[in-house]
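The next block holds one structure in the form of structure tokens; read it before the comments.
The values are calculated or read from the model by the stated rules, or taken from the named source; none is laboratory data. All values reported here derive from a predicted model rather than from experimental measurement. When we count neighbours, we look across all protein chains shown, and the Cβ atoms used for this are built from the backbone with ideal geometry, even at glycine. Calculation scope for accessible area: heavy atoms of the full protein, side chains included, ligands and nucleic acids excluded. Shrake-Rupley method; radii C 1.70, N 1.55, O 1.52, S 1.80 Å.
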Amino acid sequence: MEKRTISIWAPLRYANYGDDMQAIAFAQMIKKMGYSVKVFQLEESLSKAYGLKSVQGVNELCDGVNLVIIAGGALLTPFRWYKRLLNKAAREYEADFKDLYQATLKYPNVKFCAISFGGDGKVKDPNTWFSHWRIDFFRSPSFINGTVRLEGDIDMMSVFGKQMEFYPDMLFRASDYFPPKKLEQNDKYRVGFNFKKGRYLDKKLLDDIFDYAANHDDMEFHFTTTHMQKVGLNYQYVPEEQSKNIFIDRYESPCQLLGVLASMDCFMTSMLHVGLTGLTTGTPFVSYRGPGKTKSFLKSIGGEWAILPEDITFEKLRQSVWTKSRNELYAQYDTDVIERMKNDSLKQYDFCKSIVEQFA
């Protein structure tokens, strides 16, 4: 008998590197199990590259299936009420939960299972931070127990009557599904950056980077983005132009951006997922003005040294970090813990397999 179709939901209209990787990795694994797969709003070039059917609406996603896998994502991202009203991205995100909740009513036989998702690991008052649509969706009997990637989120989900399992982030296995397309090698020290604009940037530090790049030829500086340019999300910083030692590496595909990360000697970011996936290729990362979850993660792998002071100077960075090779920097982490996390993250995929076999 022909096996059924499995659907995968994630907020993929933003063509975000981390979301794309999670959805496509699960889709590839499920296809190998012999199932057909359709993915919610997967970008056209990625849909073609991985041979995955992309659907645009939640009704089309749920029609004819028994199971919708929610592929990771920050489902517990907190938004105060005024942000849910005034911020476009927050409004759209909460509207997604409205669509998902209404789908639980229209398709009562469909189960929704979120795997490797999370927030900040803290318990919050749902009525303060989430829309009633999100709360209703989490409380729905159609939303079944899944897995989280921060242990503290188990308690957050228990507020909604759900018993979640904790395993390390599924993206610890990113290289299993996305062979990195590395940049051509040279003898220069390569530093990668991924910064949000605003308070995440120090103009003096940037000026010193550009000055050094113009007057020396022993280092390259690569500025990356994690959204495809076509979606028009411009909150991440890139220079106005490239030069001999300044490069702009915009996200085009998971293998391409993972290859950029794998080609760096050190990566400096205010975002956890970029640093984490680079780490899986052996590229050390340091946190610059990053959120608490990034700092907590670094502490968990013995990376206190990689949490940079907010006022750190270029010269201090160059002397204390960028004079060390990628291998020397990586060895400063607790590499046993990293390897254990990589191995334990396989449990995210094993959990997904068990859910598919149980409900599909």
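Over the range 203-267, accessible surface divided per residue gives 44 Å², non-protein components excluded, 1.4 Å probe.
Couplings for the range 34-41, taken from phi via the Karplus curve 6.51 cos²θ - 1.76 cosθ + 1.60 with θ = phi - 60°, read x, 8, 7, 9, 10, 10, 6, 6 Hz in order; Gly and Pro are left as x. Charges were assigned to the Cβ only: +1 to each Lys and Arg, -1 to each Asp and Glu. The resulting dipole of the chain about its Cα centre is roughly 1000 debye. Can you tell which of Tyr14, Val37, Tyr101 lies farthest toward the positive end of the dipole of the range 1-115, using +1 and -1 charges on the Cβ of basic and acidic side chains (Lys, Arg; Asp, Glu)? Farthest towards the positive pole: Tyr101.
Shape index of the range 283-360: Rg/Rh, with Rg the Cα radius of gyration and Rh the Kirkwood radius from the inverse mean 1/r over Cα pairs, equals 1.16.
Taking the 1.4 Å solvent-accessible surface of the chain as the whole, the part contributed by carbon and sulfur is 48%.
For the peptides 259-272, 75-88, the ranking by mean Cβ contacts within 10 Å, running from highest to lowest, is 259-272, 75-88. Taken over the range 163-266, lysine pairs spaced eight or more positions apart, or on distinct chains, with alpha carbons under 28 Å apart number 22. In 5 Å bins starting at 0, how do the alpha-carbon pair distances of the range 214-360 split up by percent? Each 5 Å bin holds this share of Cα pairs: 2, 8, 16, 19, 20, 15, 10, 6, 3, 1, 1, 0, 0.
For the Cα trace of the range 82-176, dividing Rg by the Kirkwood Rh returns an Rg/Rh value of 0.98. Per-residue ellipticity at 222 nm computed for the chain from its helices equals -11500 deg cm²/dmol, with DSSP H segments shorter than 4 residues left out and the rest contributing -39,500 (n - 2.57).
The radius of gyration of the Cα set in the chain, together with its Dmax, comes out at 20.6, 67 angstrom. Across all directions, the average projected area of the convex hull around the alpha carbons of the range 16-128 is 8.0 nm².
In the frame of its principal axes, the range 94-134 has Cα extents of 32, 22, 13 Å, reported largest first. Per residue, the accessible area of the range 1-138 comes to 42 Å², computed with a 1.4 Å probe over protein heavy atoms only.
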